[in-house]
Each structure stands twice: as C-alpha cells, then as structure tokens.
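One structure is given here, and the rest of the page talks about it.
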Amino acid sequence: MNIVLFGGPGSGKGTQSEKLIEKYGLHHISTGEVLREHIRKETDLGKIAKSYIDEGQLIPDDLMIQILDSVLEEAKDKPGVIFDGFPRTIPQAEALNKLLEKRGKELHAVVGLEVPDDELVKRMINRGKMTGRADDNEDTIKKRLNVYHKQTSPLKDHYKKQNKYISIDGNKEIEHIFDTIVKELENKK
Ligand code: AMP
C-alpha cells in the first residue's frame, strides 16, 4: 500500500502518518523532515533548502524530485510507503507516478486532510511555540498558505480525476480523523 497524505501546512499530515505507520507498518517519507535533517547537518543541500523554507517557498521541482528518487531507492524493499508532504505540485505528482512505476509499484490512495485556513494558522502558531520550528512564524505561515492554495491544492482535482482522492474532515479530534481514514482505506482495498 502506497499512500500520499495530503493537506495544507499544519493539517495533521505528520500526526496521522505516525498513526498509520503504527497500524500498517508502512515506511514514512516526509520530504520536510528530509530537508530539515539536511539543514541540521549543514549540508550543501541543507543550505539551499533553508533559503526556500525560510521564505515559505517550495524547493524547485527538479531538485525535489531528485531527492525523492534517492529516498525512494533506499525504501525500495519496504512493503509500502506513506508520502507526507510530497507531491506538492503537478510536476511532482507526475514524477511520483514515474518513480513508482519504474520500481514496479503504484499509488493506491491520496488521503486529503481538509482543514480551514484559520484553524491551520492557529495550529502552526501553537506548534511553533512548542517545537521552535523556524517556519512556524506568522509571516512565513501566511506565505506557506498562499503557496499551498496556488501550487498544491490543484492536486486535489488531479487525483480526483484518477479516482484516488479521499477527502477527510481534518477539523476533528485526532482519533476520530484516524478512524475515518482507516475506514476509507479499507473501503478502497
Ligand atoms: P513540511 O514539513 O512538509 O511542512 O515542509 C516544510 C517546507 O519544506 C515546505 O514549506 C517547503 O519549503 C519544503 N518542502 C517540503 N516538501 C516539499 C516538496 N514536496 N516540494 C517543495 N518543497 C517542499
């Protein structure tokens, strides 16, 4: 089972990923985490990534797709993957298809966590206070939401057309959201 967890910044992708991993034993690929790890280690890629992340902008597709190809290669023997934060653009979605296909795999479902903007802002501001995550400040949050609406949300229609999109009300309790996701995934099997 290969699943994309989709939604705006702060929509709960990370939280629900953890729970799905526990239940289904899937491998987690969070592109945001991969990039933050590079920043922590001060690699060349980390320096490039930081300049985009601090501005609330997306890392360019070519670079992001290359990164995904290499993390996917490391995960090639895993029975299933949760993609958290990838794809974020149509070219990335097309690349994901190709990268899975070349490994004899396919994408089964895209779980979309739907949360209103004002709630996303509240959650990110809270997270920023709790974790000190650098891009969870009011200025960058606004930019990230704009980027989400302009560049990422068109992916919903892209995946709806492929009959892969599962819309989930992400403005509920964590456990309730999780139960709904599990039910929907079981239906799709
Ligand atoms: P996230 O942890 O998923 O919220 O990602 C944090 C930041 O990393 C984003 O705001 C982007 O700057 C960058 N990023 C993560 N994933 C991607 C992606 N698939 N494409 C472009 N940029 C990304």
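The values are calculated or read from the model by the stated rules, or taken from the named source; none is laboratory data. No experiment lies behind these values; they were computed from the predicted model shown. Backbone-built Cβ (ideal geometry, glycine too); neighbour counts: all protein chains shown. Surface accessibility is based on the protein's heavy atoms, side chains included, excluding ligands, DNA and RNA. Shrake-Rupley method; radii C 1.70, N 1.55, O 1.52, S 1.80 Å.
Name the residues of the stretch 105-135 whose amide N is less than 11 Å from a point 7 angstrom out from the Cα of His149 along the C-beta direction?
Within reach of a label on His149: 117-118.
Go through Arg144, Arg123 and list them by solvent-accessible area, largest first, probe radius 1.4 Å.
Numbers: Arg144 25, Arg123 65 Å².
My answer, sorted largest first, is Arg123, Arg144.
Assuming R0 = 22 Å, what is the FRET efficiency of Asn187 and Ile21, from their Cβ-Cβ distance, to the nearest 0.05? Please list the in-between numbers first.
Details: r = 20 Å, r/R0 = 0.92.
Calculated value: 0.60.
With θ set to phi - 60° and the Karplus curve 6.51 cos²θ - 1.76 cosθ + 1.60, what are the ³J(HN,Hα) couplings of the stretch 75-84 in order, to the nearest whole Hz, using x for Gly and Pro?
Couplings: 9, 5, 8, 6, x, x, 10, 9, 8, 10 Hz.
List the residues whose amide H sits under 5 Å from the amide H of Gly7, counting only those 5 or more places along or on another chain, with H placed 1.01 Å from N in the peptide plane.
Under 5 Å from the amide H of Gly7 lie the amide H atoms of Leu113, each far enough along the sequence or on another chain.
Accessible area, 1.4 Å probe, largest first: how do Val182, Val121 sort?
Details: Val182 20, Val121 45 Å².
Order by accessible area, largest first: Val121, Val182.
Quote the charge dipole size of the stretch 60-189 about the Cα centre in Debye, to the nearest 20; the model charges only the Cβ of Lys and Arg (+1) and of Asp and Glu (-1). Could the numbers behind the result be given before it?
Numbers: 24 positive and 25 negative charges, 42 e Å.
That gives the stretch 60-189 a dipole magnitude of about 200 debye.
Compare the Cα positions of Leu35, Gly14, Ile53 along the charge dipole of the stretch 1-56 (+1 at Cβ of Lys, Arg; -1 at Cβ of Asp, Glu; about the Cα centre) and return the one farthest towards the positive end.
Gly14
Return the carbon/sulfur percentage of the accessible area of the stretch 1-139, one whole number, probe 1.4 Å, all protein chains in place.
Working: 3460 of 7000 Å².
Taking all protein chains in place, the stretch 1-139 shows 49 percent carbon and sulfur surface.
Let me make sure I get this right: for the stretch 53-189, a, b and c are the square roots of the gyration tensor eigenvalues over alpha carbons, sorted descending. Under 1.5 in a/c it's rounded, otherwise prolate if a/b > b/c, else oblate. Which is it?
Numbers: a/c = 1.74, a/b = 1.23, b/c = 1.41.
Here the stretch 53-189 falls in the oblate category.
Near the amide H of His27, under 5 Å away, which other amide H atoms are found, from residues 5 or more places off or on another chain, if H is placed in the peptide plane?
Residues meeting the amide H criterion: Gly80, Val81, Ile82.
Take the alpha carbon gyration tensor of the stretch 24-73, find the square roots of its eigenvalues, order them as a ≥ b ≥ c, and report rounded if a/c is under 1.5; if not, report prolate when a/b exceeds b/c, else oblate. If you can, show how the numbers build up before the last one.
Numbers: a/c = 1.82, a/b = 1.62, b/c = 1.13.
Prolate shape, in that a/c is at least 1.5 and a/b is the bigger ratio.
Could you go through the stretch 103-119 in sequence order and give the Karplus-derived ³J(HN,Hα) for each residue, using 6.51 cos²θ - 1.76 cosθ + 1.60 with θ = phi - 60°, rounded to whole Hz, and x for Gly and Pro?
Result, rounded to whole Hz: 9, x, 10, 8, 8, 8, 7, 10, 8, x, 8, 9, 9, x, 3, 5, 5.
If you take the beta carbon distance between Lys98 and Lys122 as r and set R0 to 25 Å, what does 1/(1 + (r/R0)^6) give as a FRET efficiency, to the nearest 0.05? Kindly include the intermediate steps, with their values, before the conclusion.
Details: r = 38 Å, r/R0 = 1.50.
Using R0 = 25 Å, I get an efficiency of 0.10.
Which whole-number value in Å² is the accessible area per residue of the chain, probe 1.4 Å? The partial results should precede the final answer.
Details: 10140 Å² over 189 residues.
Using a 1.4 Å probe on heavy atoms only, each residue of the chain averages 54 Å².
Could you pull out the trypsin sites (Lys or Arg not before Pro) across the stretch 45-98 that fall in loop regions by DSSP (anything but H, G, I, E, B) with no more than 13 other Cβ atoms inside 10 Å? All intermediate terms of the calculation are to be shown ahead of the outcome.
Details: sites: Lys47, Lys50, Lys76, Arg88, Lys98; in loops: Lys76, Arg88.
Answer in residue order: Lys76.
Could you pull out the GluC sites (Glu not before Pro) across the stretch 105-171 that fall in loop regions by DSSP (anything but H, G, I, E, B) with no more than 14 other Cβ atoms inside 10 Å? Mind dumping the intermediate values first?
Values: sites: Glu106, Glu114, Glu119, Glu138; in loops: Glu106.
Qualifying residues, ordered by number: Glu106.
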